[in-house]
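The values are calculated or read from the model by the stated rules, or taken from the named source; none is laboratory data. The model shown is predicted, which means the values in this text are computed figures rather than measured ones. Glycine gets a Cβ as well: all are built from the backbone with ideal geometry, and neighbour counts include every protein chain shown.
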Amino acid sequence: MVIINSKIEAVKSKTKVLNHLGLVAGMCKEIGIADIINEQIPNESPDKILSTGIAIEGLILNGLGFINKRLYLVSRFFKNKPVDKLLGISYLTSEHFNDDALGRALDLVYDYGISELYALVSSAAIALLNKKYGLKIESGQLDNTNFHLHGKAKELELSDGRLINITHGHSKDHRPDLVQIGLQLIVDHQSRIPLLMNILSGNEEEGKSYGDFIKAHAKQLQTDYDLELLVVDSKLYNQKNLALLGRNETLKWVTRVPHSLKAIKELLAFSDKNEFKQLESDDNYSYQVICSNYGSVQQRWVVFHSQNKYGKDLKQFNKQVAKQNIADGKAAKKLSKQDFDTSQEALQVAHDFSKLLKYNNLDNIKVITKKYYDGVGKPKKGQEPTRIAYKLEVTIKPNIEFLDKKKSQLGYFILATNELDQAKMTAEQVLSNYKNQAGVERGFRFLKDPNIVGSSLFVQKPERMMAIIMIMTLCLLVYSALEFKARALLKTNDLTFNNRLGKPTPNPTMKWIFECFEGIHVLYQTDCKPVVTNLEEEHELILNLFGSNYWRFYT
């Protein structure tokens, strides 16, 4: 018998998590984010391994990685990811994404100019989506939000000379105890891509910031993005901002007229709902068109009445009335306990009190005499009172006429536009354009969702924190560009993608597609080519639509 000694070498293998990151990396490459940034912020150090553009792409991958990793943990995020495959550089490893390298990249972004650098990337993204996928920019929604910070108040000067105050202000996050910084976005309503971004002071007044934006960027939006319509909330609407808008007759706008204006109160007081027309597309709305020259700017007001809004307003109004009734009742009871020196004084106080009543009137006002005697118990026969006082007896009665008048003014809102031609923008289109403002609000929710954008504001240097806000906005840009591309290609090819309920839809959310890509790994084995595992039919559907530049991350 011949015995042959043999050694069997175990095949070493390991896996790295790919998931949906190949889609994110693919869009970064398709837009050319790293190239754009590196062209503006070149690598001046010959021994610098991580360029600024690649560092930013890495932060975008981290931000859209569904894992909330702070800046100093980004290298840990990449530890089980195929870094070289995602970023297209063979020698890159997770160790290169350390906090020093990323911090230096954020400093360079801040020094270049946050808004300026973002505008270069967004204009390239819009040009790409327009050329390849048919995106046409028609309207943009302008809005502000703020981010609360754990730190001290500080003043910074931006590259354009503006001073930014990280300070306390009106907190939309309900954290008035913390300092904050503001973010202003104008978002394309169709793709939901932020076209431009501005960093604002934490106590910036919204109306003023809108005016400053119009002054600085209106022409840029028309020239670089072919923007035709600007949609803004009611804080835009004041005479100073209208004067700014009036200087640019080619840019159309839609905004809401605040109810606090005297002209609106007078208009609603005399409006006759019987003269309103029914909106053809939605019987919940009726409307009336009025010409206005408010702020010396010729404009069209569309007064809408909504049945749904009326129901909500009435419920809220009844709550207010009930609350005020309780307060008025307590005040009347307190009044009835007071002593007055004369009946005239008592009546005058009752008269003054009635003026303070909002929803009620005083009824059955009586002045009664109250005699006070010395001693304890019942006064003796013939005893003279030591003091005579006067008291009020009043009854509170609802002011029916006033309440009915207020109720008749519920359910109304007024939208204003400088598009005077109703054939070019109907009442239905005015309403639809204003409702599209929800797009920018969805964008803000995205930026504040810790499960999506992982780059939290936990850095010590305010300059780096401001640069991270730009990275977060780039995450929204990449996410929205992917979603628009997916929907456009599904529609063009008459295809669908199953939603969470398993039902086919041509408009899946990118978040759901990201979740469907969970579980895809890259298998590395000794002396073997890396293999992508767990690819299924639904993944191939998206990758076939997206093309070879995306397939290369999954082969």
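Here are the numbers:
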read-out	value
Identity of the residue in segment 515-555, of a type in the set (Val, Ile, Thr) and more than 33 Å from the chain's Cα centre (by Cα), that ends up surrounded by the fewest Cβ atoms within 10 Å (Cβ to Cβ)	THR526
Filter result for the condition that a residue is assigned by TED's automatic domain parsing to the domain that holds PRO398, buried (at least 17 other Cβ atoms within 10 Å of the Cβ) and farther than 17 Å from GLU428 by Cα, over ASP313, ASP272	ASP313
Segment 84-105 residues that are in a helix (DSSP H, G or I), paired with ones that are of a type in the set (Lys, Arg) (beta carbon under 8 Å, 6 or more apart)	SER94/ARG76; SER94/LYS79; SER94/LYS81; GLY103/LYS461; GLY103/ARG464
Qualifying residues in segment 249-269 (those that are surrounded by fewer than 17 Cβ atoms within 10 Å (Cβ to Cβ) and within 24 Å of GLY140 (Cβ to Cβ)) - the one modelled with the lowest pLDDT	GLU249
Residues (of a type outside the set (A, V, I, L, M, F, W, C), closer than 24 Å to CYS475 by Cα and assigned to a loop (DSSP other than H, G, I, E, B)) located in segment 161-198	SER171, LYS172, ASP173, HIS189, GLN190, SER191, ARG192
Residues satisfying the stated conditions in segment 12-52, i.e. of a type in the set (Gly, Ala, Ser), out of contact with any Lys or Arg (no Cβ under 9 Å at 6 or more places or on another chain) and at pLDDT 95 or above	GLY32, ALA34
Yes/no for LYS355 being exposed (fewer than 11 other Cβ atoms within 10 Å of the Cβ) and out of contact with any Asp or Glu (no Cβ under 7 Å at 6 or more places or on another chain)	yes
Matching residues in segment 172-189 - criterion: being crowded, with 16+ Cβ neighbours inside 10 Å and of a type outside the set (A, V, I, L, M, F, W, C)	GLN180, GLY182, GLN184, ASP188, HIS189
Within segment 443-555, helices (runs of 4 or more DSSP H) holding 2 or more residues that are hydrophobic (A, V, I, L, M, F, W, C) and either touching a strand residue (DSSP E or B) at 6+ places or on another chain (Cβ under 9 Å) or outside the structural domain of SER75 (by TED's automatic domain parsing) (or both)	462-492, 510-516, 537-546
Every pair of residues 6+ apart whose Cβ atoms lie under 6 Å, when the first sits in segment 275-298 and is within 24 Å of LEU244 (Cα to Cα) while the second is of a type outside the set (A, V, I, L, M, F, W, C) and modelled with pLDDT of 90 or more	SER292/GLN299; GLY295/GLN239
Qualifying residue in segment 113-125 (condition: in a strand (DSSP E or B) and either surrounded by fewer than 16 Cβ atoms within 10 Å (Cβ to Cβ) or within 22 Å of the chain's Cα centre (by Cα) (or both))	no
